[in-house]
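Here's the structure, in structure tokens; my notes come after.
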Amino acid sequence: MLHFWDQSWDLRVAECPCDVHFLEWLEEAKVRDASIFHFGTGSHHIVGLKTAEDGSNNAVFGITASPAEYDAYVKMLIDKPRLGHTYKAYFGDIYQLDRRLLPMFDVVSLFHVGEFRTAKNDEYGALTELDMTRVLCDRLKLGGHVLFYSGSYAFDVAERVFGELVKAKVLAEAATFKTLRIFKKLTA
């Protein structure tokens, strides 16, 4: 049976500001016309919604393991069909990513690394945290950015993952922005 999240996350900025900080970073860094992969849409879908409205012409490809969050996306898309031009969300296990099905990205947000993967994922051969991150780094353009959320309760897992990728010279830390750690891709 697929390991999924049987809850939904509404926007609670005081508790988890990563999506808002991400939007602020995109604006401050003047990220425009970019292809963005976003791990963890939330039922609020704020990253996809705001980038569709802010004139940046960024395209967001989001993933959620929550049926309720996916249902919220479908309802939003029915109500606001223009949203579908620049925001796609899908339901699935991020640890089943297949690089052949992914486009190249300019920015990848991995705010929830370490928060959801359990032994249940192992039952069907899901990728590890490091392997999943490597897949996304493979689909990241040279010079593109990967962002992690330092406020995550599982940030120690993210630190191990990006530590391995820094050691392998795949990524280099580029900056911090509020609660976000930002890395740049070094190798093609």
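Every read-out reported here was derived from the displayed coordinates using simple, explicitly stated rules and does not represent laboratory data. Please read these numbers as outputs of a predicted model, since none were measured by experiment. Don't worry about glycine lacking a Cβ; one is built from the backbone with ideal geometry, like all the others, and counts go over all protein chains shown.
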Excluding near-sequence neighbours (fewer than 8 apart on one chain), the chain holds lysine pairs with C-alpha atoms under 12 Å apart numbering 4
In whole Å, how far is the Cα centre of the stretch 123-188 from that of the stretch 1-69?
17
Placing +1 at every Lys and Arg Cβ and -1 at every Asp and Glu Cβ, with all other atoms neutral, what dipole size does the chain have around its Cα centre, in debye to the nearest 20?
660
Place a +1 charge on the Cβ of each Lys and Arg in the stretch 1-49 and a -1 charge on the Cβ of each Asp and Glu, then give the dipole magnitude about the Cα centre in debye, rounded to the nearest 20.
100
Treating only the Cβ atoms of Lys and Arg (+1) and Asp and Glu (-1) as charged, compute the dipole magnitude of the stretch 3-100 about its Cα centre; round to the nearest 20 debye.
380
From the coordinates shown, percent of Cα pairs over 30 Å apart corresponds to which of [x] 21; [y] 16; [z] 12
[z]
Just from its helices, what would the mean residue ellipticity at 222 nm be for the chain, if runs of 4 or more DSSP H residues each count -39500 (n - 2.57) and the sum is divided by every residue, rounded to the nearest 500 deg cm²/dmol?
-9000 deg cm²/dmol
